[in-house]
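The values are calculated or read from the model by the stated rules, or taken from the named source; none is laboratory data. Just so we're clear, the structure is a prediction, and the values are computed from it rather than from any experiment. We place every Cβ from the backbone using ideal geometry, glycine too, and count neighbours over all the protein chains shown. Remember, those area values only see protein heavy atoms, side chains included, never the ligands or the DNA or RNA. Shrake-Rupley method; radii C 1.70, N 1.55, O 1.52, S 1.80 Å.
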Amino acid sequence: MSTFTRLRKEAKKEKYESEIYEGISYLRNLIVIERGKKMSTPWILEELADLQGAMQSHYLKLLHYVRINDKEEGMRIFSESMDTTIGADYGRLLLQWEEMEPHHWWETLKSYQTSIKEIKRTKQRKKDELLSDLIYLPVVINVMLVLINFIYVAYFIEQQKLLLWVFQ
């Protein structure tokens, strides 16, 4: 796989994860607005599809499979198209929405949001650490070159003294 393809795929995954986070926030807002009313999976998927983003087509596909009562196939396609563990978990959450008790929705969404936040934070730390290492590397190389230069100069001066002594 080429570097460009890999980078594009990673950017797409990050976009999906960001929209999943936004979708969870939206669902939490819906819970507050609806005040514990029973919300169906198709209704939630329609609401999420109205958000207009990269996930819209995935929500609509999942909605299609929910309506034809083929949740397993919908979950498989949703997971494959997301290609992230967060996406697979999110799809499972959406499909099991009606099976959960309304008073558990808020806690479940909060835990998903917290775990996504931690994953994002970890990725950001790794990127920052890599960038720090890349910035620090030229400094270390410079210091090493200066030290090697001092050793070389000291050795050369000793060689010069020895040669001057031999040829005198």
### Query
When the chain is treated as a GNM, springs tying every alpha-carbon pair under 10 Å, which of Arg92, Arg121, Arg28 comes out with the largest mean-square fluctuation?
Arg121
### Task
Can you give me the three principal axis dimensions of the range 37-86 from its C-alpha atoms, in Å, biggest first?
32, 25, 17
### Query
How far apart, in nm, are the 7 Å Cα→Cβ label points at Phe150 and Leu130?
3.5 nm
### Query
What is the helix-to-structure angle for 102-166, meaning the angle in degrees between its Cα long axis and the longest Cα principal axis of the chain, kept from 0 to 90 and rounded to the nearest 10?
10 degrees
### Message
Could you work out how much longer the chain between Ser2 and Trp165 gets when fully extended? Use 0.36 nm per residue separation minus the Cα distance between them, nm to one decimal.
### Response
52.5 nm
### Task
Measure nothing fancy, just the Cα-based angle from helix 85-95's long axis to the longest principal axis of the chain, in degrees from 0 to 90, nearest 10.
10 degrees
### Segment Ala11-Val140, length gained on full extension (0.36 nm per residue, minus Cα span)
43.3 nm
### Task
Calculate how steeply helix 3-34 sits against the longest principal axis of the alpha-carbon atoms of the chain, using the helix alpha-carbon long axis, and give the answer as 0 to 90 degrees to the nearest 10.
40 degrees
### Query
What is the magnitude of the charge dipole of the chain about its Cα centre, with +1 placed on the Cβ of each Lys and Arg, -1 on the Cβ of each Asp and Glu, and no other charges, expressed in debye to the nearest 20?
400 debye
### Summary
Label model pair Leu60, Lys120: point-to-point distance (7 angstrom along the Cα→beta-carbon line) in nm is 2.6 nm
### Query
Counting only protein chains, not ligands or nucleic acids, how are Ile44, Ile33 ordered by accessible area (probe 1.4 Å), most first?
Ile33, Ile44
### Accessible solvent surface per residue of the chain, calculated while the other protein chains remain in place, 1.4 angstrom probe, Å²
70 Å²
### Query
Per residue of the chain, what 222 nm ellipticity follows from adding -39500 (n - 2.57) for every DSSP H run with n ≥ 4, rounded to the nearest 500?
-29500 deg cm²/dmol
### Task
Give the residue from Ile148, Gln56, Met82 lying farthest towards the positive end of the charge dipole for the chain; charges sit on Cβ (+1 for Lys and Arg, -1 for Asp and Glu) and the dipole is referred to the Cα centre.
Ile148
### Message
I'd like the carbon and sulfur percentage of the solvent accessible area for the chain, probe radius 1.4 Å, heavy atoms only, ligands and nucleic acids excluded.
### Response
60 percent
